[in-house]
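The values are calculated or read from the model by the stated rules, or taken from the named source; none is laboratory data. Worth saying up front: this structure is predicted, and the values here are computed from it rather than measured. For neighbour counting, all protein chains shown are included, and Cβ atoms are generated from backbone atoms with ideal geometry for every residue, glycine included. In case anyone asks, the SASA skips ligands and DNA or RNA and just uses the protein heavy atoms, side chains included. Shrake-Rupley method; radii C 1.70, N 1.55, O 1.52, S 1.80 Å.
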Amino acid sequence: MKKIAKLFAVTGMMSLLISFVGCDMATEADLVGTNPQTTVPATDNTSSADTEKESDDSNKDEKTNKPTTDKSSSDTTSLWSMFDGADMQVWEKTATLEETEEGLEITIGDKGWWGMCFCNDGTVGVADGAVTFDMSNIKTVKFDAKASKKASIWVSGSDSASKPYNQEKVTLSTEFETKSYTYGSTSATDYGVLDIGGGDLGTTTESDVVITIRNIRFFDADDNETVPTRNE
């Protein structure tokens with residue numbers, strides 16, 4: 001009987017061992033795997049701050065690391081306000097012109113006088129059938145101006161014969177100031193919209209003095225901004 005009991009005991013142990021070996025056991029791959037409940041999704045290590053920095057850096061000069069600026073036409077100060085503009089006729093090469101970010105720079109020459117007209121086409125004279133302006137509704141012109149040193153200019157209208165009339169002296173400082181000129185009379189066929197110069201009325205003629213003018217605007221008798229019209 002004892003032998004039979006031992007035999008049963010051995011048989012039971014063998015059955016238990018076979019059952020244990022038959023069970024699925026975790027593999028090495030299973031052990032190094034991740035728990036889906038604790039898995040952190042893969043992310044781009046670039047943070048939003050880094051993205052903003054990269055965006056900022058793209059707008060910086062590679063050498064100076066300073067922000068760059070886009071100089072568009074809107075950065076340039078306009079010579080005219082509402083008016084669509086006029087040509088610039090310098091008389092007898094008495095001055096040179098350059099349009100800059102500050103405005104139109106007029107450098108006085110060395111001829112002892114200077115003058116210019118804002119007209120439709122500086123290459124076409126009155127006798128050649130120049131397009132004139134209807135200035136009949138214009139009473140006043142205003143503009144911002146300064147000079148490289150204290151100076152003065154004369155301002156006038158430009159009649160149908162392309163002659164300055166009703167000249168008025170305007171003093172300039174080295175800082176922009178708004179100046180105003182009232183036309184003595186205007187017509188429906190004026191050659192230009194404005195004449196300016198130096199020499200008459202004791203105004204500045206010193207060579208290399210720079211006059212800068214910008215924001216020219218016209219007003220009617222009620223002080224409403226308006227514009228001349230071309231007789232085309």
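Over the range 90-184, average the accessible area per residue using a 1.4 Å probe and give it in Å², no decimals.
Value returned for the range 90-184: 48 Å² of accessible area per residue.
If I take R0 = 30 Å and measure r between the Cβ atoms of residue 92 and residue 150 in this structure, what FRET efficiency does the formula 1/(1 + (r/R0)^6) give, to the nearest 0.05?
Calculated transfer efficiency: 0.70.
Taking the full set of protein chains and a 1.4 angstrom probe, give the accessible area of residue 149 in square angstrom, rounded to the nearest 10.
90 Å²
Just the number, please: carbon plus sulfur as a percent of the accessible area of the range 159-232, 1.4 Å probe, no ligands or DNA/RNA counted.
Accessible surface attributable to carbon and sulfur in the range 159-232 totals 40 percent.
Residue separation times 0.36 nm, minus the C-alpha to C-alpha distance between residue 127 and residue 84: what's the value?
Here the answer is 13.0 nm.
Got a sec? Which residues in the range 120-164 would a label at residue 226 touch, if it sits 7 Å along Cα→Cβ and we count backbone N under 11 Å?
The answer is 135-140.
Can you tell me the dipole magnitude for the range 169-232 around its Cα centre, using point charges on the Cβ only (Lys, Arg +1; Asp, Glu -1), in Debye to the nearest 20?
60 debye
Work from the charge dipole of the range 122-232 (Cβ charges, +1 for Lys and Arg, -1 for Asp and Glu, about the Cα centre) and give the residue of 173, 186, 136 farthest towards its positive end.
173
Rounded to the nearest 10 Å², what accessible area does residue 102 have for a 1.4 Å probe in the complete protein model?
Spelled out: residue 102, probe radius 1.4 Å, area about 80 Å².
Based on the alpha-carbon gyration tensor of the range 79-181 and its eigenvalue square roots a ≥ b ≥ c, which shape applies: rounded if a/c is under 1.5, prolate if not and a/b is larger than b/c, or oblate?
prolate
Give the accessible surface of the range 190-232 per residue, rounded to a whole number of Å², with probe radius 1.4 Å and ligands, DNA and RNA excluded.
Per residue, the range 190-232 has an accessible area of 41 Å².
So between residue 206 and residue 168, what do we pick up on full extension, going 0.36 nm a residue minus the alpha carbon distance?
Contour length minus the Cα-Cα distance gives 11.8 nm.
For the range 143-158, take each phi angle, set θ = phi - 60°, evaluate the Karplus expression 6.51 cos²θ - 1.76 cosθ + 1.60, and give the result in whole Hz per residue in order, putting x for glycine and proline.
Result, ordered by residue: 7, 9, 8, 8, 9, 5, 8, 4, 8, 8, 9, 9, 10, 7, x, 10 Hz.
Can you give me the distance in nm between label points at residue 161 and residue 101, each placed 7 Å from the Cα along the Cα-to-Cβ direction?
Between residue 161 and residue 101, the label points sit 4.6 nm apart.
On a 1.4 Å probe surface of the protein chains, which of 113, 91 comes out largest in accessible area, and what is the full order?
Reading off the accessible areas and sorting them downward yields 113, 91.
When the accessible area of the range 84-125 is computed with all protein chains present and a 1.4 Å probe, what percentage of it is carbon and sulfur?
That share works out to 44 percent.
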